[in-house]
Amino acid sequence: MNHTLRYSIFFILDSVMVLSAIFISHWLLNPSIKDNDTLIIISSIALLISHHIMAYFCRLYNRVWSVATVKELLLIGYSVTICVFATCIMQFFVKGEIYFRIMAITWLLHIVLIGGSRFLVRLFHDYRNKIPPQEELKKVLIVGAGEAGIILIRSIKRIQNSKLLIVGIVDDNPYKQNLTLMGIKVCGTTNEIPRIVQEKQVDEIILAIPSLGKIGIRKIYNLCANTNATIKTMPKIEDIMMGKVSVNDIQEVKIEQLLGRDEVKLDMEAISNKLLNNVILVTGAGGSIGSEICRQVIHFEPKKIILLGHGENSIYKIHMELLEKYTDRNIELIPIIADIQDRDRIFEVVEHFQPDVIYHAAAHKHVPLMEENAREAVKNNIFGTKNVAEAAHHYCVSNFVLISSDKAVNPTNVMGATKRIAEMVVQNLASYSDTNFTAVRFGNVLGSRGSVLPRFKAQIASGGPVTVTHPEMTRYFMTIPEASRLVIQAGVLAEGGEVFVLDMGEPIKIVDLAENLIRLSGFTKEEIQIEFSGIRPGEKMFEELLNEEEIQEQNVFPKIHVGKANTMDRDLLHLILKDLEMLEINEMKRRVINIANGKWVSSKIQPKTTA
């Protein structure tokens, strides 16, 4: 139906109803109406004209009445009241008196007829949508009886031929128990979800609490772990209001949301003071962590960002991404292809661009792979870091932040050992350099190239099985944005030589991570089985974030801890690194791990410890 036809139909129907209202009220109070009763005729004309004028200004003919609410009903009442009031004034000027009883009944009939006709459209629309489709309906349980829950329920009910049937709501508010919300009963609290799912044979649970943190999501997810219902979440209210997504864009629960830890909040003012209008160099800018650091840093309006990496494709991708997303910002993005093992090239880049802050994310991080390629791990993680750090010292860079790993604590593998020695290099420089050198440790990063998550997803996609090394193996996990924020915040907190660590909560069993991912993928443990392959060379059953000598009780920033710095004698470190370059591969592996675990100490030279 086009706009003109729709407007004409409403215009004619309203005219009939307006005239009917006043004549019916006159007939009810004065059955002996005379043909020459001109005042009622004039009143009818006045009421009709004023109605159409108000309908125009209140847009009563341009509204979608199939989704009308109480707001529209109030608007009709407001419009009708003004029309009747205007007609009363006209009566007073024509005859000097007002037919109060007639106009009161006219006002009531006017609202009933106009409002009723509009809400008949709404009722017809709702009735038509209640007709179930031929396919079997999916039974849904809504978690949350607040504003978000109301929006979600209303949206689901308005969808024509929706395959979702809402069978209940749960909410922890005791005052909402056993109440009915839009025809749906609040039938319990979140702790009763398993019982409700079983009783009502729920197929899908939708979390309608956008403000629910990761801890809350994980709690509800654990409650649902023994049910066959899938779990989804609705988008954030602010994203819906800004038009980024619609209410119906129900999302799968992401594995990152099950970490059970809220993300670290940054000191935005301090970071802005550190990065604003400065030159930032990011090594390994094409990697998972390096590229995310670039995405985070660009929000603080630096003068330049130097994207340095060895792989041309990954550097090209992050360069193009930033150019396309931030075309309106006057920030120079410079892609540099360089190998951190090339000392001359690194010194050349640092000398040319004179960065204020260097985030050193370039590294080899894959544990089993580095066991088989120990020399490359030493060359890249130790001597590559040494090249970048010494260039920062030589050219008086203000801040240098090394991305380290929890595997650097009491390492049993080559990768962890090389990261610990890289920390030693940085801490040694911090003891005499004007540059603020610091290191940041974090656990496994979900979604990164070396993470177990992509491998699990690929195994699930191929029908399984999912391979886990050991049923008791645990790891600390964090998201890529969390890791990047910690790196940026550490650069602000650094005073020289610290090792910063994120309070990562409790370690997570790898097997639990695999089981959660299987469930989130829509499968059961029977459909996708888990097999244990055994611990690989260099792997530990559990990881640590600080060793006993480094632990300090207090934290320097919410959820960020700093460890005591153990520095090595400068000459001794130089001799150790020089010897490493000349060792045979097996001896190199043994020596690297021994050095990282402090077994390099002789009877004549002891390490210096500074708080």
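Quick one: if the Förster radius is 41 Å, what FRET efficiency do ALA458 and SER272 give, using the C-beta to C-beta distance and rounding to 0.05?
Efficiency at R0 = 41 Å is approximately 0.55.
Could you sort out which of LYS386/LYS540; LYS325/LYS509; LYS138/LYS219; LYS163/LYS457; LYS71/LYS200; LYS274/LYS578 sit more than 32 Å apart by Cα distance in this structure?
LYS325/LYS509; LYS71/LYS200; LYS274/LYS578
Roughly to the nearest percent, how much of the accessible area of segment 454-539 is carbon and sulfur, given a 1.4 Å probe?
It is 49 percent, rounded to a whole number.
What is the packing order of peptides 356-365, 379-388, taking the mean over residues of other C-beta atoms within 10 Å and listing the highest first?
The densest-packed peptide leads the list: 356-365, 379-388.
How much length is gained if the chain between LYS599 and ILE9 is pulled fully straight, taking 0.36 nm per residue apart and subtracting their Cα-Cα distance, in nm to one decimal?
203.3 nm
Sort 138-144, 569-575, 196-202 by the packing proxy (mean of other Cβ within 10 Å over each peptide's residues), most packed first.
Put in order of decreasing packing, that is 138-144, 196-202, 569-575.
Multiplying the sequence separation of ASP571 and LYS509 by 0.36 nm and subtracting their Cα-Cα distance, what value in nm do you get?
That works out to 18.1 nm of additional length.
When you count, for each residue, the other Cβ atoms within 10 Å and take the mean per peptide, how do 462-472, 482-492 rank with the highest first?
Going by the mean number of other Cβ atoms within 10 Å, highest first, we get 482-492, 462-472.
What is the distance, in nm, between label points placed 7 Å from the Cα along the Cα-to-Cβ direction at CYS396 and at ILE151?
With each label placed 7 Å out from Cα toward Cβ, I get 5.3 nm.
Taking R0 as 35 Å, what's the FRET efficiency between ASN178 and CYS58 from their Cβ-Cβ distance, rounded to 0.05?
0.35
Would you mind calculating the gained length between ASP328 and GLU348 on full extension (0.36 nm times residue separation, minus the Cα-Cα distance), in nm to one decimal?
Working: separation 20, 0.36 × 20 = 7.20 nm, distance 3.03 nm.
Between ASP328 and GLU348, full extension yields 4.2 nm more.
The values are calculated or read from the model by the stated rules, or taken from the named source; none is laboratory data. Just so we're clear, the structure is a prediction, and the values are computed from it rather than from any experiment. Cβ coordinates were reconstructed from backbone atoms using ideal geometry, including for glycine residues, and neighbour counts include every protein chain displayed. Each accessible area value is taken on the protein alone, full model and side chains, heavy atoms only, with ligands, DNA and RNA left out. Shrake-Rupley method; radii C 1.70, N 1.55, O 1.52, S 1.80 Å.
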